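Before any comments, here is the structure.
Nothing in this text is a laboratory measurement; each read-out follows from the coordinates by a stated rule. Just so you know, these numbers come straight off a predicted model, no measurement behind them. Every residue, glycine as well, gets a Cβ built from its backbone with ideal geometry; the counts of neighbours run over all protein chains shown.
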């Protein structure tokens, strides 16, 4: 890696623009990858990383801009095009054929394992699989069906299948290590280093800053569809990288919003007493009226499951949940909504009715409010009034109430989902990663909405994997690790380091 | 912008333009087609099937489907017939109709209960019901049932008025009332709102406090009742209860709903479109009769017209996406 200038550039994207209805995902980005290079690609959700990878792999076509592979300008129209040029993509959700064996899954990529007129050469398939498994440092029986494997084994299987597939030159790995243990991670790093020596190049997408410094030679940072940093890792510090990812503007917005509200201490609204189920272990905490409680944890920490358990979507095996002094564990969501609990799920696709009009999406949780005449018929007038009120308060940009939610931008879709909890007159709001995948402006607006809700005496439990956000928006932060509460920190005293320490540790002394 | 609005209006109500196009085509082939008398009989011949299309539409909107609509029609009519002729001769006709409705609701509940509570695949469950209830018809009766009370046949056959060379039957009015009732149910009641929500995204529906299971059971009960009313009209139309009632209509029932703009993936569809789809079935039926097509050709031509209409309508979804995304 000494004479980088002399290294061959094998992939170059110039001034790539990608527009979707209502959103510009990429605003003219440049990206280069050299032979034998591992280039980190980082940025928050919605920054444009996956859009770029989709464009290179042929799943999306760019609105503007050119792609050069191996020195030539290429038009990539399909996955088939990109694969024949040596590009491979490994996602974080292993797409394997569960009912087929390990060997069959590996062989699936290889055309030359066929004999003559497409007859399968089974001996060759098993030999080939064994060889690749050994190279990948895995101990697997090639004849076992894939559904027997653990998530991390599947992930590594997918990785070796793609890395060793015939003709692979450029590999894009999308957060492939999130489900792996430290030891497995090291194996993957060794594998990457080994292939690098053989001239393979890697695009390495990750959310963990530490990882970037462990394995990447250089890093490109995306923020809101722009490249904000492109540098060799040896010239960077973790702090610098983090600043590039988050940006300064957001921090300013956050601190301003936080200062408006005076903190309230009052009655306890929600109490969890040693709640245990499949995903949660002995979780106890309580929240006050007017409080914003953040929940922070890494993947698999049980953040989402915590909210779903409170909202009655997951059963409580042991322990108690009290809402305004009333036992609510294992209560149906419909009852909880009428008691004043609102829930906005992590994934908009999960929470919205995409092919239904915006106004219906807003009023669906609170239909009782608009019923008149015989108690059967709904008053569409009342429903639309409510919708208009919510649109005004939350500043949702919609062409009209009848537009299907599908056609709104991510930020507005998110607001429609929050608006639904508003319409149902909730007092306790459970927000799961509500700012994921939306742009900075929309984020700031959602923070303001949350602040206002709290200042009106409502309680908000807010999960996020964005540390900055959690620290700045909330009053207190609950940290989770594998379903256990590892700490409750006052947000004023919280630092990113402290949070990470809590979120990554098994045992924390109080 | 204005042009776009017009385009959207056309695609949104495409079924009616397809209907008009077909009327024009048949009129060219046979000018008599356009007569008032013929137009109004279109609204008569499709009535029995129309009820089944309506039943299917409600199921499709909820993200499910019901293959047993025809079997429910046939079985409920058979029970009413056997009841009157063998089990309790002299039972008054309103009781017979009530029995039919209860059987329709019962089979609907049976379907809905297994689909909602035990997560049985709707295809398998209703296919099972289809086979089961056509089979039971053969056990219970086994042959065509004649000589039911005149009033029992009336909903499907009673002539209300003759004017200007056309005949208006009670059946047409029945179907229109049913269409309006289902339209109000779907758009003006909270059950209707819930049916759309469950069809659009069942997971989100649950998170919005909707009892998905209960909603689905209601959907299948509604479908069962509408199918039973369909059975009553089939019986009236031919003045008897046959053992093959509605047996060959399943494909047309599906087609009518889908051409009417009801999405196969759920959550989308309106009753005005479904009405257009029902009329389309009538236009083809009457059209093929009037141009004196040999019987051997009819089925195939029916198929061709339907498949083209479905194709046009599937492209419709894409055109709508394209138009709406184009700002």
Provide the FRET efficiency to the nearest 0.05 for the residue A:388-residue A:276 pair, computing r from the beta carbons and using R0 = 45 Å. 0.55
Footprinting proxy, A:231, A:183, A:372, A:305: sorted fewest to most Cβ within 10 Å, the residues are A:183, A:372, A:231, A:305
Please give the average number of partner chain Cβ atoms lying within 10 Å of the Cβ of each residue in B:21-34, rounded to a whole number. 0
Over all directions, what mean area does the Cα convex hull of the stretch B:3-46 project, stated in square nanometres? 3.9
Going from the fewest other Cβ atoms within 10 Å to the most, one would list B:172, B:78 as B:172, B:78
Across A:322-335, the residue-averaged tally of Cβ atoms belonging to other chains within 10 Å stands at 1
Order by neighbour count: A:359, A:122, B:297, fewest other Cβ atoms within 10 Å first, most last. B:297, A:122, A:359
How far apart, in nm, are the 7 Å Cα→Cβ label points at residue B:154 and residue A:284? 7.4
How big is chain B by the Kirkwood estimate over distinct Cα pairs, in Å? 20.4
Residue by residue through B:198-204, how many Cβ atoms from other chains fall within 10 Å of the Cβ on average? 6
Ignoring solvent entirely, what values of log10 I(q)/I(0) come out of the Debye formula for the stretch B:220-327 at 0.12, 0.17, 0.24 Å⁻¹ when each Cα is a single scatterer? -0.53, -0.97, -1.42
Grab the DSSP H runs of chain B that are 4 residues or longer, score each as -39,500 (n - 2.57), total them, divide by all residues and round the 222 nm result to the nearest 500 deg cm²/dmol. -24500 deg cm²/dmol
Under the 7 Å Cα-to-Cβ spin-label approximation, residue A:380 and residue A:166 lie apart by a distance in nanometres of 6.0
So for the stretch A:276-336, using the alpha carbon gyration tensor with a ≥ b ≥ c as root eigenvalues (a/c under 1.5 gives rounded; past that, a/b versus b/c decides prolate or oblate), I'd call it oblate
Tell me the relative contact order for chain B as a rounded percent, counting alpha carbon contacts under 8 Å between residues six or more apart. 33
Over chain A, what is the relative contact order in whole percent, taking alpha-carbon pairs under 8 Å and six or more residues apart? 15
Kirkwood hydrodynamic radius of the stretch A:32-189, from inverse mean 1/r over distinct Cα pairs, in Å: 17.0
Kirkwood hydrodynamic radius (C-alpha pairs) into Stokes-Einstein, the stretch A:270-377, 4 °C and 1.567 mPa s, D in µm²/s: 82
Set the Förster radius R0 to 51 Å, insert the Cβ-Cβ distance between residue A:127 and residue B:143 as r into 1/(1 + (r/R0)^6), and round the FRET efficiency to 0.05. 0.15
Could you tell me the convex hull volume per residue, in Å³, taken over the Cα atoms of the stretch B:11-135? 167
With Kirkwood's inverse mean 1/r over C-alpha pairs for Rh, give me the Rg to Rh ratio of the stretch A:373-510, two decimals please. 1.07
For the stretch A:453-503, radius of gyration divided by Kirkwood radius, i.e. Rg to Rh on alpha-carbons: 0.97
Stokes-Einstein diffusion coefficient of the stretch A:352-425, Kirkwood radius over Cα pairs, 20 °C, 1.002 mPa s, in µm²/s: 177
Run the quick spin-label model on residue B:181 and residue A:243: label points 7 Å from Cα toward the beta carbon, then report their separation in nm to one decimal. 7.2
How high is the relative contact order of the stretch A:4-248, given as a whole-number percent (alpha carbon pairs under 8 Å, six or more residues apart)? 27
Based on the Cβ-Cβ distance from residue B:320 to residue B:136, what FRET efficiency comes out when R0 is 41 Å, to the nearest 0.05? 0.45
Cα convex hull of the protein assembly as shown: how many Å³ per residue? 219
Run lengths n ≥ 4 of DSSP H only: what is the helix-derived mean residue ellipticity at 222 nm for chain A, with -39500 (n - 2.57) per run over all residues, to the nearest 500? -10500 deg cm²/dmol
